[in-house]
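Undergrad: Submitted below is the structure of interest, expressed as structure tokens.
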Amino acid sequence: MNENLFSVLRAGFPDSDCCFIETGSGDIFTYGDMLRRSAQYANALIGLGVKPGDRVAVQVEKSIESLMLYLGAIRAGAAFLPLNTAYTPAELEYFLGDAEPVLVVCRPAMESGVGAVSGEAVLETLGDSGVGGTLGALTDLASDVFDDTLCSAGDLAAILYTSGTTGRAKGAMLSHGNLTSNAKALFETWAFTRGDRLLHALPIYHTHGLFTATNTVLAAGASMIFLPKFDAGEVTALLPRASVMMGVPTFYSRLLQCDALTKDALTHMRLFISGSAPLSPEVHSEFEKRTGHTILERYGMTETGMNTSNPYEGARRAGTVGFPLPGVEIRIADPETGSELEQGEVGSIEVRGPNVFSGYWRMPEKTCEEFREDGFFITGDLGMIDEQGYVNIVGRDKDLIISGGFNVYPAEIEAAIDAITGVAESAVIGAPHPDFGESVVAVVARKSGQSLAEEDIISPLGSILARYKQPKRVFFVDALPRNAMGKIQKKELREQYAGVFQPPRP
Ligand code: AMP
């Protein structure tokens with residue numbers, strides 16, 4: 001049996017005249033179009049010398065064509081390697097040097113910059129709509145018939161670089177089996193059917209938009225409204241044509257700022273899903289009040305795909321990421337020894353299952369460090385499982401603050417601060433402290449028009465948090481620094497506020 005991801009997914013495809021993608025302007029790209037165009041890309045890649053397992057590095061804008069390139073690479077048995085469009089050629093040099101791709105595909109405007117760092121690789125360009133690049137032109141000439149390359153579940157399908165906790169970015173190696181198992185688990189858990197239309201406004205260089213969204217739609221034989229980027233006004237206008245949306249928490253807080261987001265506009269919607277960063281309970285409840293929809297929060301990462309999800313049927317609890325997906329095991333372990341902790345205790349979240357990657361590209365030692373002997377992967381997240389079995393994330397391992405020997409979990413303090421009237425959002429970090437080792441600092445963004453001062457944050461916390469957890473300093477900012485996936489850049493904040501408790505230099 002061919003265990004190539006595409007081959008497995010195609011078993012669920014509908015008739016070839018069924019819609020696969022609808023653009024924002026209403027153009028339809030059918031399953032038949034997708035089968036033919038991805039076949040052309042597969043043939044074009046092979047014509048360029050790409051063999052099974054060869055890396056195909058791609059730094060292009062999100063478009064139907066770039067999605068077809070992804071599917072073509074999978075069908076050809078190549079290892080697809082998407083790169084954030086924000087990376088400069090200097091940053092690309094590391095990824096390309098590490099991954100040693102056979103083929104690099106970039107935007108036409110980047111050709112000379114990328115060419116200078118792409119080494120031995122063949123360099124091709126792809127315009128936004130497939131027009132205006134060398135690869136699009138080659139692909140037009142290729143045959144639109146292709147037999148998916150024979151792969152086994154363990155064969156490499158993709159490498160996604162992730163910054164991880166420390167050091168240089170690491171290439172997470174994902175197999176056809178990893179991606180297939182996750183697509184099937186999500187399709188079942190979220191009750192996808194062929195009738196579903198997913199509103200897709202996520203980038204496709206990241207696991208969320210590329211695998212979680214696209215592969216789940218393909219597993220169901222469903223369709224999507226495919227947008228180049230997220231624009232709250234445009235998304236609100238298009239939601240009446242969709243049935244499911246997947247987004248990062250920022251999407252939801254921005255949608256709430258649109259007056260046109262009403263219950264009446266969402267009668268066709270059945271599910272809103274959030275992930276990649278914590279969704280604040282305030283946004284969760286405001287969204288429910290405004291729309292009548294309870295956002296379903298799930299948890300995953302580049303190395304594992306999705307691990308847990310709030311239930312489709314049953315209580316979707318704000319501030320939790322729900323239960324392990326079918327086939328996925330989650331345990332909370334002592335970070336030092338790896339032994340399982342009692343229910344309710346906070347520890348290292350560890351995961352095992354068919355979704356978990358095989359290791360970091362050419363980093364066997366790093367891989368070894370992040371797996372336990374019994375095959376559990378150490379996610380680097382800290383969390384606990386509550387009495388009902390819901391997984392709660394309390395922060396990244398590296399975000400843990402140890403103040404005077406006590407562990408302070410930022411998520412708890414952030415939730416308390418976010419509940420104060422006038423606060424839009426907050427980030428809690430540790431800063432070096434001469435007496436306590438580290439002490440708690442809160443960085444707060446106020447809601448517009450609010451004039452909170454440091455004391456307005458510190459004093460209400462006095463009655464709800466133990467003294468060692470209370471922020472010693474509060475700083476106000478217009479907005480917290482975030483990356484494209486909505487993750488707050490705590491490293492940046494830690495650097496910025498590193499000196500606040502240090503005695504002034506003589
Ligand atoms: P990435 O590899 O970029 O997808 O980042 C994965 C990390 O994002 C996880 O290890 C978590 O720290 C964080 N993350 C993903 N989903 C959630 C969530 N629902 N709540 C809190 N953190 C999350």
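Bear in mind that the values in this text are calculations on the coordinates, not laboratory data. Everything quoted here is computed from the prediction, not taken from an experiment. Positions of Cβ are generated from backbone atoms using ideal geometry, with glycine treated the same way; all protein chains shown enter the neighbour counts.
Undergrad: I'd like the orientation of helix 89-99 relative to the chain: the angle between its Cα long axis and the longest Cα principal axis, in ° from 0 to 90, rounded to 10.
TA: For 89-99 against the chain, the angle is about 70 degrees.
Undergrad: Right, another one. Tell me which of 422, 383, 204 sits at the most positive position along the dipole axis of the chain, charges placed on C-beta atoms (Lys, Arg +1; Asp, Glu -1).
TA: Most positive-ward Cα: 422.
Undergrad: If the label point is 7 Å along Cα→Cβ of residue 358, which residues in region 85-99 have backbone nitrogen under 18 Å from it?
TA: Correct set: 99.
Undergrad: Next up: Under 13 Å from a point placed 7 Å out from the Cα of residue 373 along the Cα-to-Cβ direction: which residues of region 315-359 have their backbone N that close?
TA: 337-339
Undergrad: Based on DSSP loop calls and a cut-off of at most 11 other Cβ atoms within 10 Å, the longest stretch of the chain free of exposed GluC sites (Glu not before Pro) is what?
TA: The segment 121-312 is the longest one with no such site.
Undergrad: Let me ask you something else. For the residues 243, 448, what sequence is obtained by ranking on other C-beta atoms within 10 Å, fewest first?
TA: 448, 243
Undergrad: Can you check what the net charge comes to around residue 331, using other residues whose Cβ is under 9 Å from the Cβ of residue 331 (Lys, Arg +1; Asp, Glu -1)?
TA: -2
Undergrad: I've got another one for you. Shape of region 1-135 from its Cα gyration tensor (a ≥ b ≥ c, root eigenvalues): rounded if a/c is under 1.5, otherwise prolate when a/b > b/c, or oblate?
TA: It comes out oblate by the Cα gyration axes.
Undergrad: Considering only DSSP beta bridges whose two residues both sit in the chain, what percent are antiparallel, to the nearest 5?
TA: That works out to approximately 60 percent antiparallel.
Undergrad: Putting +1 on Lys and Arg Cβ atoms and -1 on Asp and Glu Cβ atoms, find which of 485, 475, 453 reaches farthest to the positive end of the dipole of region 401-496.
TA: Towards the positive end, the residue furthest out is 485.
Undergrad: Kindly put 317, 298, 197, 362 in sequence by how many other C-beta atoms sit within 10 Å of each C-beta, fewest to most.
TA: Fewest-to-most Cβ neighbours within 10 Å comes out as 362, 317, 197, 298.
Undergrad: Relative to the first principal axis of the alpha-carbon coordinates of the chain, what is the inclination of helix 64-75, with its axis defined by its Cα atoms, in degrees from 0 to 90 and to the nearest 10?
TA: 80
Undergrad: Return the long-range amide H neighbours of residue 175 (sequence gap of 5 or more, or a different chain), with a cut-off of under 5 Å between placed amide H atoms.
TA: It is 157, 358, by chain and number.
Undergrad: Neighbour counts of other C-beta atoms within 10 Å: give me 246, 384 arranged from fewest to most. Numbers along the way, then the final one.
TA: On the way: 246 27, 384 19.
Neighbour counts put them in this order, fewest first: 384, 246.
Undergrad: Follow-up question, since we're still on this one. Mind listing the long-range amide H neighbours of residue 482? Cut-off is under 5 Å, sequence gap 5 or more, other chains count too, H placed in the peptide plane at 1.01 Å from N.
TA: Distant-sequence amide H within range of residue 482: 489.
Undergrad: How much mean residue ellipticity at 222 nm does the chain get from its helices, if each DSSP H run of length 4 or more adds -39500 (n - 2.57) and you divide by all residues, to the nearest 500 deg cm²/dmol?
TA: Result for the chain: -7500 deg cm²/dmol, rounded to the nearest 500.
Undergrad: Among 203-210, 6-13, how do they line up from the highest to the lowest mean number of other beta-carbon atoms within 10 Å?
TA: Ranked from most to least packed, the peptides come out as 203-210, 6-13.
Undergrad: What is the local net charge at residue 33, summed over the other residues whose Cβ is closer than 13 Å to its Cβ (Lys, Arg +1; Asp, Glu -1)? Display every interim value, and only then the final one.
TA: On the way: positive: 36, 37; negative: 15, 17, 22, 27, 65, 144.
Once all neighbours under 13 Å are counted, the net charge is -4.
Undergrad: Tell me the net charge near residue 5. Cut-off is 13 Å between Cβ atoms, residue 5 excluded, with +1 for each Lys or Arg and -1 for each Asp or Glu.
TA: With Lys, Arg at +1 and Asp, Glu at -1, the neighbours total 0.
Undergrad: Placing unit charges on C-beta atoms (Lys and Arg positive, Asp and Glu negative, everything else neutral), compute the dipole magnitude of region 1-149 about its Cα centre in debye, rounded to 20.
TA: Working: 8 positive and 21 negative charges, 26 e Å.
That gives region 1-149 a dipole magnitude of about 120 debye.
Undergrad: What is the dipole size for region 418-501, taken about its Cα centre, with +1 at each Lys and Arg Cβ and -1 at each Asp and Glu Cβ, in debye to the nearest 20?
TA: In debye, rounded to 20, region 418-501 gives about 220.
Undergrad: What is region 401-496 by shape, rounded, prolate or oblate, if you read a ≥ b ≥ c off the alpha carbon gyration tensor as root eigenvalues and call it rounded for a/c under 1.5, prolate for a/b larger than b/c, and oblate otherwise? Let's see the in-between values first.
TA: Values: a/c = 1.83, a/b = 1.19, b/c = 1.54.
Oblate shape, in that a/c is at least 1.5 and b/c is the bigger or equal ratio.
Undergrad: Right, next: With +1 assigned to the C-beta of every Lys and Arg and -1 to the C-beta of every Asp and Glu, and no other charges, what is the dipole magnitude of the chain about the Cα centre in debye, to the nearest 20?
TA: Taking the Cα centre of the chain as origin, the dipole is about 620 debye.
Undergrad: Another one. Would you please name the chymotrypsin sites (Phe, Trp or Tyr not before Pro) within region 456-506 that are DSSP coil residues with at most 10 other C-beta atoms within 10 Å of their C-beta?
TA: Taking region 456-506 and a limit of 10 other Cβ atoms within 10 Å, no loop chymotrypsin sites (Phe, Trp or Tyr not before Pro) are found.
Undergrad: Place a point 7 Å from Cα of residue 27 in the direction of its Cβ. Which residues in region 210-239 have their backbone N less than 18 Å from it?
TA: 224-229, by backbone N distance to the label point.
Undergrad: Nearest 5 is fine: what % of DSSP beta bridges in region 257-327 come out antiparallel, could you say?
TA: Values: 6 of 8 bridges.
Around 75 percent of the beta bridges assigned by DSSP in region 257-327 are antiparallel ones.
Undergrad: Here is the link list: 51/170; 263/398; 398/472. Which ones come out longer than 32 Å on Cα distance?
TA: Values: 51/170 23 Å; 263/398 40 Å; 398/472 20 Å.
263/398, as the Cα separations exceed 32 Å there.
Undergrad: When a/c reaches 1.5 or more, the comparison of a/b and b/c decides; with that in mind, is the chain rounded, prolate or oblate per its Cα gyration tensor?
TA: Taking the square roots of the gyration eigenvalues as a ≥ b ≥ c, the chain is prolate.
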